[in-house]
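The values are calculated or read from the model by the stated rules, or taken from the named source; none is laboratory data. Quick caveat: nothing in here was measured; it's all calculated off a predicted structure. Cβ placement follows ideal geometry from the backbone for every residue including glycine, while neighbour counts extend to all protein chains displayed.
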Amino acid sequence: MQFLEEVRRRRTFAIISHPDAGKTTITEKVLLFGRAIQQAGTVKGKKSGQHAKSDWMDMEKERGISITTSVMQFPYGDNLVNLLDTPGHEDFSEDTYRTLTAVDSCLMVIDSAKGVEDRTIKLMDVARMRETPIITFMNKLDRDIRDPIELMDEVENVLKISCAPITWPIGMGKEFKGVYHLLNDEVILYQSGMGHTIQDSRVIKGLDNPELDAALGSYAEELREQVELLEAAANPFDLEDFLAGQLTPVYFGTALGNFGVDHMLDGLVEWAPSPQPREASGETIEATTEGLSGFVFKIQANMDPNHRDRIAFMRIVSGRYEKGMKMKHVRIGKDVRISDALTFLAGDRAAVEEAYPGDIIGLHNHGTIQIGDTFTQGQDYKFSGIPNFAPELFRRIRLKDPLKIKQLQKGLMQLSEEGAVQVFRPLKNNDLIVGAVGMLQFDVVAHRLKSEYKVEAVYEPISVATARWVECDDEKTFQQFRTKAHDNLALDGSDSLTYVAPTMVNLQMAQERHPEVEFRKTREH
Ligand code: G4P
């Protein structure tokens, strides 16, 4: 019974947003509500010199941004929430994509002055691959924003998801008065300048309440008209559609003013799903399936410079983790005893005694764990759906000191095994091509090669537009393809064959010429 209760009360989610929409600020406030930090402001302050608890690497600190994904666990009411941080910066890596495979719902944060921006579109495409339920927070109501109806229309048209407003804003900018909660039939009044605390908001019950006119003046009548309109025209909230990823409940507020974040959290714990099943070798593994199981969606080296360690992040899918238990590392077929897994309470690491489905635990990795690896209690299934994405940017990497080629290869192999970057070795020459999804990854890799592997490498431009993993059922046809396309073929970090195309047109022609060959944009680990 206790196990079921632990599963039921867990929510594991991530925030998807365009840079600057307010993800960090919301994370701060969410943790404040979780009483996990005393005062908001400790997550990030580019100006104050404080840094996000989730910023691990020097480079991130220097730049005041969060490149890596971190994990924060906090209680909210009776629930236990796991928030997986996704890098939202201009340059973001495949980690973001894979993090989304480890959550059961997403919070989409939109800058209400700007509307739907391109990073959000990309991330929504990813979230949709698994039909992840999405909650929407329209942020920055303390500024002059766009018309709320127009904002919802844009979400519906651009992101192809229906919007069901749960709260509705009253005024905006300096005149932002608060929100009307459509389901609870109450107005919650906003007080400015209270962003660093949990506010005791004044609540006025009922739209017809004369108190409303006293508190809101002419906004009261306007609100009544708008609500009438909404009740006729807006989608009502539908749990089933939400769970299918087809409808998103929409909240309005200001993260900076810490207003509305709690409304959203209330929705999250009420409606977002508790830990969901995952597919493994054709089976569906439920949270309640017997035996512990989980998959690794991220590996992070040197999280703690004092320890120089590598941590593998495992999402628990089923069963209960207990300190000191044995797990089977399915890919290498070995049992390992895990006595020092970590949890991430509000971003601080702590040894974990027990953990449940939906939780993320950190396993110390001595080079044996790879992204996508499955751990079980003896069973042989393997979780699927943790992909590598074809990189979009390419550079040739060259050593300053050619004698260090061994270290370079080792470094690149380890970093590609971590998923930090992808490495391609062309069949036709001895080049090493580094492929990345975002520009920043190149800097990260150069920085890490230098600090962790003591090699100084420089990048050179190379005329590669894209890469595709190639596969073919028919061995003979594939052999012919290999001969014909030899000069465009390369091996990636795990020796999978890849077609490296100088231009998109070249790729298109290769696909037309070899219709039997599959050109894949993603590769499963
Ligand atoms: P991100 O993680 O999504 O990139 O966004 P972040 O929270 O860092 O917010 C980006 C900027 O927007 C920050 O200002 C932040 O203070 C501001 N912001 C966030 N939420 C709100 C809001 O509800 N209202 C208003 N008016 N501003 C908001 P900054 O000056 O760029 O950053 P900082 O120097 O304060 O860190």
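For the reader, a short list of remarks on this structure follows.
- Number of the exception - Ala164 against (1) outside any loop (DSSP other than H, G, I, E, B); (2) surrounded by fewer than 22 Cβ atoms within 10 Å (Cβ to Cβ); (3) free of Cβ contacts under 8 Å to residues at least 40 places away in the same chain: (3)
- Any hit, region 218-239, residues being within 16 Å of the ligand (Cβ to nearest atom) and at pLDDT 95 or above: no
- Counted residues, region 199-245 - those being in contact with a Cys (Cβ under 8 Å, 6 or more places away or on another chain) and either over 19 Å from Val155 (Cα atoms) or without any contact (Cβ under 8 Å) to a residue 12 or more places away in the chain (or both): 0
- Lone qualifier among Leu31, Leu4 - being at pLDDT below 85, at negative phi and part of a helix (DSSP H, G or I): Leu31
- Test: residue in region 61-73 that is within 15 Å of the ligand (Cβ to nearest atom), at pLDDT 85 or above, of a type in the set (D, E, K, R) and not assigned by the TED database to the domain that holds Leu363: no
- Tabulated pairs, region 403-430, first over 21 Å from Ser463 (Cβ atoms), second of a type in the set (Phe, Trp, Tyr) and in a helix (DSSP H, G or I), C-beta under 6 angstrom, 6+ apart or interchain: Gln407/Tyr453; Gly411/Tyr453
- So Arg98, is it under 30 Å from Phe176 (Cβ atoms), among the charged types (D, E, K, R) and at pLDDT 80 or above: no
- Residues that are farther than 20 Å from Gly385 by Cβ, modelled with pLDDT of 85 or more and assigned to a loop (DSSP other than H, G, I, E, B) within region 318-372 comprise Arg320, Lys323, Gly324, Met325, Ile332, Gly333, Tyr356, listed in sequence order.
- Tally, over region 448-500, of residues that are under 27 Å from the mean Cα position of the chain (by Cα) and among the aliphatic types (A, V, I, L, M): 3
- Residues of region 1-29 that are more than 16 Å from the ligand (Cβ to nearest atom) and aliphatic (A, V, I, L, M): Met1, Leu4, Val7.
- Check on Thr197, in contact with a strand residue (DSSP E or B) (Cβ under 7 Å, 6 or more places away or on another chain), in the same structural domain as Lys23 (by the TED database) and polar (S, T, N, Q): no
- For region 127-141, a residue qualifies if it is away from the ligand (no atom under 11 Å from the Cβ), touching a residue at least 40 places away in the same chain (Cβ under 8 Å) and not acidic (Asp, Glu), and the qualifying residues are Ala127, Arg128, Arg130, Thr132, Pro133, Ile134, Ile135, Thr136.
- Residue satisfying condition, being surrounded by fewer than 21 Cβ atoms within 10 Å (Cβ to Cβ) and of a type outside the set (D, E, K, R), within set Ile121, Ile134, Ile145, Ile110: Ile121
- The C-beta contact set for region 260-280 (first residue without any contact (Cβ under 8 Å) to a residue 60 or more places away in the chain, second residue in a strand (DSSP E or B) and among the aromatic types (Phe, Trp, Tyr), distance under 6 angstrom, 6+ apart or interchain) is empty.
- So Ala244, is it at negative phi and buried (at least 17 other Cβ atoms within 10 Å of the Cβ): no
- Test: residue in region 194-201 that is under 20 Å from Val250 (Cβ atoms), modelled with pLDDT of 95 or more and not acidic (Asp, Glu): no
Residue-by-condition table, conditions (1) loosely packed, with under 15 Cβ neighbours inside 10 Å; (2) assigned to a loop (DSSP other than H, G, I, E, B):
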{"site": "Leu230", "(1), (2)": "no, no"}
{"site": "Gly257", "(1), (2)": "no, yes"}
{"site": "Asp262", "(1), (2)": "no, no"}
{"site": "Gln276", "(1), (2)": "no, yes"}
{"site": "Thr284", "(1), (2)": "yes, no"}
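- Leading residue by the ranking (farthest from Leu256 (Cα to Cα)) among those in region 192-210 that are of a type outside the set (Ser, Thr, Tyr) and surrounded by 14 or more Cβ atoms within 10 Å (Cβ to Cβ): Asn209
- Of the residues Leu403, Leu432, the single one that is over 15 Å from Gly493 (Cβ atoms) and of a type in the set (A, V, I, L, M, F, W, C) is Leu403.
- Every test in (1) at pLDDT 95 or above; (2) buried (at least 18 other Cβ atoms within 10 Å of the Cβ) is passed by Val421 save one, and that test is (1).
- Unique match (being away from the ligand (no atom under 15 Å from the Cβ) and either touching an Asp or Glu at 6+ places or on another chain (Cβ under 9 Å) or at pLDDT 95 or above (or both)) among Asp153, Asp111: Asp153
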